[in-house]
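Written out below as structure tokens is the structure these notes cover.
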Amino acid sequence: MRTVIFDLDGTLADTSGDLLAAANFCFRQMGLGDVLSYPEDAGVALRGGRMMLTAGLKRAGQFNPATVDEFYPVLLEAYRDAIDHHTILYPGAMEAVEVLKAAGFGVGICTNKPEGLAEQLMRSLGVRDAFASLVGADTLPVRKPDPEPLFEAARRAGGDPARTLLVGDSDTDRTTSANAGVPSVLVTFGPSGDDMAALKPEALLDRFEDLPEVADRLIA
């Protein structure tokens, strides 16, 4: 079976509002107030919790790696407790998933979000059952850009890892697909959309409605 595997943050859903809120919770605990803001820092949010803490502390002139380590678990807990207050699925995402499934593709998720948080978010959004697999940052001993999580997501979706593609929004996704020897499709509607063309993916995606045709073309 051919498979289409999706990144989560910044690809299927805009999660940046809730991520930034969790980071600002940490900064308030440090006495710094709300350091990051939406939508200006949405691109920082989608690069992960440690990146948000690092960027905020540097902005406040108080960066210390030990502080990042100390507050990363605090950030995860704050995010878990308010994971879906601002998050929205991108327009057309789930419609494209259903069209792909009807055409015989397997669909799954490969994310660098911890698996438990990814499962919680997808169930909260009511769409977890639409995906045959979900592989998170801690599902395996390795994470993206190592290709094994992508291969595992394809296998769990019932597909052939060699006949898959990764839909993502970052250099990490582009590198993952290159390491796996499979095509990548990078979305242009996320916070970093203007930077995607420079990564030279096999395809750029301006709207989800075009994905089934692109997948059919890239996976012969």
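The values are calculated or read from the model by the stated rules, or taken from the named source; none is laboratory data. Quantities reported herein were computed from a predicted structural model and do not represent experimental measurements. For neighbour counting, all protein chains shown are included, and Cβ atoms are generated from backbone atoms with ideal geometry for every residue, glycine included. Protein only, heavy atoms only, side chains kept; ligands, DNA and RNA dropped before computing areas. Shrake-Rupley method; radii C 1.70, N 1.55, O 1.52, S 1.80 Å.
All conditions in (1) in contact with a strand residue (DSSP E or B) (Cβ under 9 Å, 6 or more places away or on another chain); (2) buried (at least 20 other Cβ atoms within 10 Å of the Cβ) hold for ALA78, with the sole exception of (1).
The number of residues in segment 193-217 being open to solvent by 40 Å² or more (accessible area, probe 1.4 Å) and in contact (Cβ under 8 Å) with a residue 40 or more places away in the chain comes to 3. Highlighted here would be helices (runs of 4 or more DSSP H) found entirely within segment 107-183 that include at least 2 residues which are at pLDDT 95 or above, of a type in the set (Phe, Trp, Tyr) and open to solvent by less than 20 Å² (accessible area, probe 1.4 Å), but there are none.
Within this structure, LEU100 fails the test of being in contact with an Asp or Glu (Cβ under 8 Å, 6 or more places away or on another chain) and of a type outside the set (Val, Ile, Thr). Suppose we keep only residues that are assigned to a strand (DSSP E or B) and open to solvent by 10 Å² or more (accessible area, probe 1.4 Å) within segment 1-32. Which one would you say is nearest to ALA137 (Cα to Cα)? Of everything passing the filter in segment 1-32, ASP9 is nearest to ALA137 (Cα to Cα).
A single entry from GLY106, GLY48, GLY126, GLY136 fulfils the requirement of being touching a residue at least 40 places away in the same chain (Cβ under 8 Å), over 29 Å from LEU32 (Cα atoms) and not aliphatic (A, V, I, L, M): GLY106. Say whether the condition of being in a helix (DSSP H, G or I) and within 15 Å of the chain's Cα centre (by Cα) is met by at least one residue in segment 57-75. Checked against the condition, which is being in a helix (DSSP H, G or I) and within 15 Å of the chain's Cα centre (by Cα), segment 57-75 yields no hits at all.
Within segment 156-173, the presence of at least one residue that is within 15 Å of LEU134 (Cα to Cα) and among the basic types (Lys, Arg) is confirmed. Only residues that are open to solvent by 70 Å² or more (accessible area, probe 1.4 Å), modelled with pLDDT under 95 and touching a helix residue (DSSP H, G or I) at 6+ places or on another chain (Cβ under 8 Å) were counted in segment 33-75, giving 2. Condition first: crowded, with 21+ Cβ neighbours inside 10 Å and either β-branched (Val, Ile, Thr) or within 19 Å of ALA23 (Cα to Cα) (or both). Now tell me which residues in segment 84-106 satisfy that. Matches in segment 84-106: VAL97 only. Listed residues ASP171, ASP146, ASP195, ASP216; which is more than 14 Å from PHE6 (Cβ to Cβ), among the acidic types (Asp, Glu) and more than 17 Å from the chain's Cα centre (by Cα)? ASP216 is the lone residue from the list that is more than 14 Å from PHE6 (Cβ to Cβ), among the acidic types (Asp, Glu) and more than 17 Å from the chain's Cα centre (by Cα).
Going residue by residue through segment 35-48, is there one that turns out to be part of a helix (DSSP H, G or I) and of a type in the set (S, T, N, Q)? For segment 35-48, residues part of a helix (DSSP H, G or I) and of a type in the set (S, T, N, Q): absent. Looking at ALA96, ALA78, just one residue is more than 23 Å from LYS144 (Cβ to Cβ), of a type outside the set (Phe, Trp, Tyr) and assigned to a helix (DSSP H, G or I), and that residue is ALA78.
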